[in-house]
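Engineer: Sharing a structure here in structure tokens format.
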Amino acid sequence: MATKKASPAASNDEVSEAEIAVHWQEEGYYQPSPKFIAQANLTDTDMHKRFSLDNFPECFKEYADLLTWYKYWEKTLDTSNAPFWRWFVGGKINASYNCVDRHLEKHRNKTAIHFISELENEPIQHITYQELYVRVNEVAALLRNFCGLKAGDRVTLHMPMVAELPITMLACARIGVIHSQVFSGFSGKACADRIVDSASDVLITMDGYYRGGAMQDQKEKADIACEDAAAQGHKVKKVLIWQRYPGKNSSPRPMVKGRDFIMNEVLKDYRLTRIDPVEMPAEAPLFLMYTSGTTGKPKGCQHSTGGYLAYAAATSKYFQDIHPEDVYWCMADIGWITGHSYIVYGPLALGASTVVYEGVPTYPDAGRPWRIAEELGVNIFHTSPTAIRALRRTGPDEPQKYNYHFKHMTTVGEPIEPEVWRWYHEVVGKREAAIVDTWWQTETGGFLCSTVPALHPMKPGSAGPALPGIHPVIYDEDGNEIPRGAGKAGNICIRNPWPGIFQTIWGDPDRFVRQYYERYNKKKGSTDWRDWPYFAGDGAVQSEDGYYRILGRIDDVINVAGHRLGTKEIESAALTVTEVAEAAVVPVADEIKGRVPDLYVALKPGVQASRELQERISQAVVTEISPIARPRKVWIVPDMPKTRSGKIMRRVLAAISSNQDAGDVSTLANPEIVDELRKMAKM
Ligand code: WTA
């Protein structure tokens, strides 16, 4: 339980997600079915023992051995430049080869990707491994020969959920080009920041895609992104635009001569061209994934090729229980890390059939996911609490109308309320599916905590114990270990490195060390991994049985519908409106999305508050970031509650927004403002 005292908030002035975290009771256990256990990939009760710290780091060889290597590594883990870990040093590997070519012998005619349009009357595309091979090669040839890209170059992708997205990613990986996929729902401006930071010369996008039944104009965002990047001093040389319907423009935006190219047209020149996969060092970066942090600037988490792929493949096999004959559907977006690890790289490395669904889960109605499951024979299903809450509210009885059977289900990205978990188990899973609640992060490459689906009982609301080879520790503010069962929350850290951990923040190694390793570092300059616990930025409690319950972010990050948004990013967006003097964002509980942002703004002297201004501020957030960041409310306030040193007390604002007691406000410089704001919030 996150009491105020035990709360791991970075500073007493700031509110943290953990402070207003979910407070539910410890729940009883649910057992996986004998039928599930009988077929599971991981039933070896010795696995955790084999991955004990005594066997570290060599235990991870077992994961790397799931992959095909051109050259075996010489050193499993190099810590000489701690905490910049290097895994499988000396090894040579290609991710595209591992996800495509190596399956041809046995699975050439098997579906690799099922692509489902949001429009239900459009036929499903079933892309076999052979077809994937042909298309990945052609795109790789285009990237190399038409764009002049080579290993180590960065390319920004701003693509929707279409089969062309994994194809493009795998084409990049084939020639060692580092892809940086930006969530398609992000604005052109947000995309520009990521283009500039990664110094991408090429942007790959699609003209449009369906969402909620309407064609979205994605090309427009590319134009804005290029314009904004240019204003920041970075010129995008080429924009490659896939057509959602080849031969037809789905965006009215004109093409910019010399810059814009229709991908599927140019590809005709590369018909049946084959490109040998480039033998990449295991530690070569595979991709960047930008995520929000404590400052306004998103950070590019850099993931390696060998370590990341080994971790994604092994966790997919053992925790997603993927067998070659399974039909696996992860309903996340590839624009987030979940999609990278558990739609693309993990399942395809295992030769599974993975589902890519374009649209929203509830379109055209809340029965849609279950119709898809029935039609494709999906037997492994993976989604977020936000999606489960939405489906439960809009179609609580829909699952039973369809004849599908999940053997396994996942929940990821946010804490799940036990009553929502139970609906997932009883109604969606028809009491047959084993459920894993997986805790992890963009930075970690793959799961950190989860039950082993065939070995551990499930406990609603708890992520479960740590994965094999992951050794968490919960520290209090002073660096003391909080023992299991103490009933106290603290900062969850991981004692040891693992292959999936990101390598650095692109272009900002100092921030990487500062943010993730400095907090509990035991000895500066040490080359011993034991001195460098990984600081995850989440509050957590460990119960007597060893299960971890994740309470939420302890930094300035708000988890909105499972999307990680920085409060600072939203605040900077509000400050682009010239009338705004100060902005503060706080999370508020929301029935469907878990959390939503409330935005408080103070105006410059002489400026009048108005509805129009509120709307303009809200719109600025959408333009700068995305509709997912749109504030629930924009409160224009006469003043912010502040400490004597002038710091905005977000904790007080959060209490007002959530209609809770603001606690002791006597130390504020302006305590009288609290009542004034409360009155305003009640209106
Ligand atoms: C939160 C998503 C509770 C957590 C994979 C973490 C969770 C952040 C869970 C990372 C879970 C993720 N239970 N909270 N099972 N999984 N989180 O980087 O706060 O988008 O730090 O990665 O989501 O979000 P990210």
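The values are calculated or read from the model by the stated rules, or taken from the named source; none is laboratory data. On a predicted model such as this, the values are computed, not experimentally measured, just so you know. Heads up, the Cβs are rebuilt from the backbone with ideal geometry, glycines too, and the neighbour counts pull from every protein chain shown. Accessible surface is based on the protein model in full, side chains and every heavy atom, while ligands, DNA and RNA are left aside. Shrake-Rupley method; radii C 1.70, N 1.55, O 1.52, S 1.80 Å.
Engineer: Restricting to region 534-547, give me the number of residues that are of a type outside the set (Gly, Ala, Ser), buried (at least 24 other Cβ atoms within 10 Å of the Cβ) and closer than 16 Å to Ala486 by Cβ.
Structural biologist: Here the count works out to 3.
Engineer: Hey, another quick one. In contact (Cβ under 8 Å) with a residue 40 or more places away in the chain and more than 24 Å from Ala387 (Cα to Cα): which single residue out of Ile617, Ile570, Ile628 fits that description?
Structural biologist: Details: Ile570 fails: more than 24 Å from Ala387 (Cα to Cα); Ile628 fails: more than 24 Å from Ala387 (Cα to Cα).
After applying the criteria, what remains is Ile617.
Engineer: Another one. How about region 29-47: which of its residues are touching a strand residue (DSSP E or B) at 6+ places or on another chain (Cβ under 9 Å) and not in a loop (DSSP other than H, G, I, E, B)? Quick ask: steps written out before the conclusion?
Structural biologist: Of region 29-47, the ones touching a strand residue (DSSP E or B) at 6+ places or on another chain (Cβ under 9 Å) are 29-33, 36-37, 40.
Scanning region 29-47 gives Tyr30, Phe36, Ile37.
Engineer: Sort out for me the helices (runs of 4 or more DSSP H) sitting completely within region 128-212 that have 1 or more residues that are modelled with pLDDT of 95 or more and within 20 Å of the chain's Cα centre (by Cα). If you could, list the steps in order and put the result at the bottom.
Structural biologist: Values: elements: 129-141, 164-174, 188-198.
Ranges flagged: 164-174, 188-198.
Engineer: Give region 448-458 a look and list any residue that's part of a strand (DSSP E or B) and within 12 Å of the ligand (Cβ to nearest atom), or say none.
Structural biologist: To start, the set of residues in region 448-458 that are part of a strand (DSSP E or B) comprises 449, 458.
Once the filter is applied, which keeps residues that are part of a strand (DSSP E or B) and within 12 Å of the ligand (Cβ to nearest atom), region 448-458 yields only Cys449.
Engineer: Cβ-Cβ under 7 Å, sequence separation 6+ or interchain: first residue in region 364-386 and closer than 19 Å to Asp333 by Cβ, partner within 16 Å of the ligand (Cβ to nearest atom) and among the acidic types (Asp, Glu). Which pairs?
Structural biologist: As it stands, the answer is Ser384/Glu414; Pro385/Glu414; Thr386/Glu414, since those pairs meet every condition given.
Engineer: Follow-up question, since we're still on this one. For Asp321, are the conditions met, namely being open to solvent by less than 40 Å² (accessible area, probe 1.4 Å) and part of a loop (DSSP other than H, G, I, E, B)? Walk me through how you get there before you give the answer.
Structural biologist: Details: open to solvent by less than 40 Å² (accessible area, probe 1.4 Å): yes; part of a loop (DSSP other than H, G, I, E, B): yes.
In short, yes.
Engineer: Being farther than 30 Å from Val278 by Cβ and of a type in the set (Asp, Glu) is the filter; apply it to region 32-90 and report the residue that is surrounded by the most Cβ atoms within 10 Å (Cβ to Cβ).
Structural biologist: Within region 32-90, the subset farther than 30 Å from Val278 by Cβ is 32-56.
From what's left, of a type in the set (Asp, Glu): 44, 46, 54.
Details: Asp44: 15, Asp46: 8, Asp54: 9.
So the residue we want is Asp44.
Engineer: Would you confirm whether any residue within region 522-533 is crowded, with 20+ Cβ neighbours inside 10 Å, at negative phi and within 15 Å of the ligand (Cβ to nearest atom)? Spell out the reasoning first.
Structural biologist: Let us first name the residues in region 522-533 that are crowded, with 20+ Cβ neighbours inside 10 Å, namely 532-533.
Right, trim to at negative phi and you get 532-533.
From what is left, the residues that are within 15 Å of the ligand (Cβ to nearest atom) are none.
No, region 522-533 has no match at all.
Engineer: Tell me, please, whether a residue that is open to solvent by 30 Å² or more (accessible area, probe 1.4 Å) and within 13 Å of the ligand (Cβ to nearest atom) can be found in region 467-477.
Structural biologist: At the first step, the residues of region 467-477 found to be open to solvent by 30 Å² or more (accessible area, probe 1.4 Å) are 471, 476-477.
If we keep only those that are within 13 Å of the ligand (Cβ to nearest atom) as well, we get none.
No: zero hits.
Engineer: Still on this structure: Just the residues that are touching a Ser or Thr at 6+ places or on another chain (Cβ under 8 Å) and more than 21 Å from Ala214 (Cβ to Cβ), please, taken from region 241-281. Lay out the reasoning, then the answer.
Structural biologist: Within region 241-281, the subset touching a Ser or Thr at 6+ places or on another chain (Cβ under 8 Å) is 241-244, 277, 280-281.
Of everything in region 241-281, those that are touching a Ser or Thr at 6+ places or on another chain (Cβ under 8 Å) and more than 21 Å from Ala214 (Cβ to Cβ) turn out to be Pro277, Met280, Pro281.
Engineer: Within region 324-352, can you find the residues that are open to solvent by less than 10 Å² (accessible area, probe 1.4 Å) and of a type in the set (S, T, N, Q)?
Structural biologist: Matches in region 324-352: Ser341 only.
Engineer: Out of all the residues in region 467-502, which are more than 20 Å from Ala64 (Cβ to Cβ), in contact with a Pro (Cβ under 6 Å, 6 or more places away or on another chain) and not in a loop (DSSP other than H, G, I, E, B)?
Structural biologist: Correct list: Gly490, Asn491, Ile492, Cys493.
Engineer: Still on this structure: What's the total number of residues in region 503-520 that are touching a residue at least 24 places away in the same chain (Cβ under 8 Å) and part of a loop (DSSP other than H, G, I, E, B)?
Structural biologist: Result for region 503-520: 7.
Engineer: While we're looking at this one, here's another question. Could you tell me whether Gly306 is of a type in the set (Gly, Ala, Ser), over 19 Å from Phe406 (Cα atoms), in contact with a strand residue (DSSP E or B) (Cβ under 7 Å, 6 or more places away or on another chain) and surrounded by 24 or more Cβ atoms within 10 Å (Cβ to Cβ)?
Structural biologist: Values: of a type in the set (Gly, Ala, Ser): yes; over 19 Å from Phe406 (Cα atoms): yes; in contact with a strand residue (DSSP E or B) (Cβ under 7 Å, 6 or more places away or on another chain): yes; surrounded by 24 or more Cβ atoms within 10 Å (Cβ to Cβ): yes.
Taking the combined requirement at face value, the residue satisfies it.
Engineer: Moving on. Mind counting the residues in region 414-439 that are modelled with pLDDT under 95, open to solvent by 30 Å² or more (accessible area, probe 1.4 Å) and either assigned to a helix (DSSP H, G or I) or within 9 Å of the ligand (Cβ to nearest atom) (or both)?
Structural biologist: 2
Engineer: Also: Which one of Gly445, Gly461 is under 16 Å from Gly537 (Cα atoms), within 12 Å of the ligand (Cβ to nearest atom) and either small (Gly, Ala, Ser) or over 22 Å from the mean Cα position of the chain (by Cα) (or both)?
Structural biologist: Values: Gly461 fails: under 16 Å from Gly537 (Cα atoms).
That would be Gly445, the only listed residue that is under 16 Å from Gly537 (Cα atoms), within 12 Å of the ligand (Cβ to nearest atom) and either small (Gly, Ala, Ser) or over 22 Å from the mean Cα position of the chain (by Cα) (or both).
Engineer: All but one of (1) over 20 Å from Ser187 (Cβ atoms); (2) touching a residue at least 40 places away in the same chain (Cβ under 8 Å); (3) surrounded by 15 or more Cβ atoms within 10 Å (Cβ to Cβ) hold for Glu591; which doesn't?
Structural biologist: Of (1) over 20 Å from Ser187 (Cβ atoms); (2) touching a residue at least 40 places away in the same chain (Cβ under 8 Å); (3) surrounded by 15 or more Cβ atoms within 10 Å (Cβ to Cβ), only one is false for Glu591: (3).
Engineer: Ok, one more. If we keep just the residues of region 385-413 that are more than 11 Å from Ile592 (Cβ to Cβ) and within 16 Å of the ligand (Cβ to nearest atom), which is most open to solvent (accessible area, probe 1.4 Å)?
Structural biologist: Looking only at region 385-413, we keep the residues that are more than 11 Å from Ile592 (Cβ to Cβ), and these are 395-413.
With the extra rule that they be within 16 Å of the ligand (Cβ to nearest atom), the set shrinks to 408-413.
Values: His408: 0, Met409: 0, Thr410: 0, Thr411: 0, Val412: 13, Gly413: 42 Å².
Filtering region 385-413 for residues that are more than 11 Å from Ile592 (Cβ to Cβ) and within 16 Å of the ligand (Cβ to nearest atom), the one most open to solvent (accessible area, probe 1.4 Å) comes out as Gly413.
Engineer: Do you know which residues across region 531-568 are touching a helix residue (DSSP H, G or I) at 6+ places or on another chain (Cβ under 9 Å), modelled with pLDDT of 90 or more and charged (D, E, K, R)?
Structural biologist: Listed by number, the list holds a single entry, Asp538.
Engineer: Further question: Name the residue, out of Ile558, Ile570, that is of a type in the set (A, V, I, L, M, F, W, C) and away from the ligand (no atom under 14 Å from the Cβ). Write out each step before concluding.
Structural biologist: Details: Ile558 fails: away from the ligand (no atom under 14 Å from the Cβ).
Selected residue: Ile570, the only one of Ile558, Ile570 that is of a type in the set (A, V, I, L, M, F, W, C) and away from the ligand (no atom under 14 Å from the Cβ).
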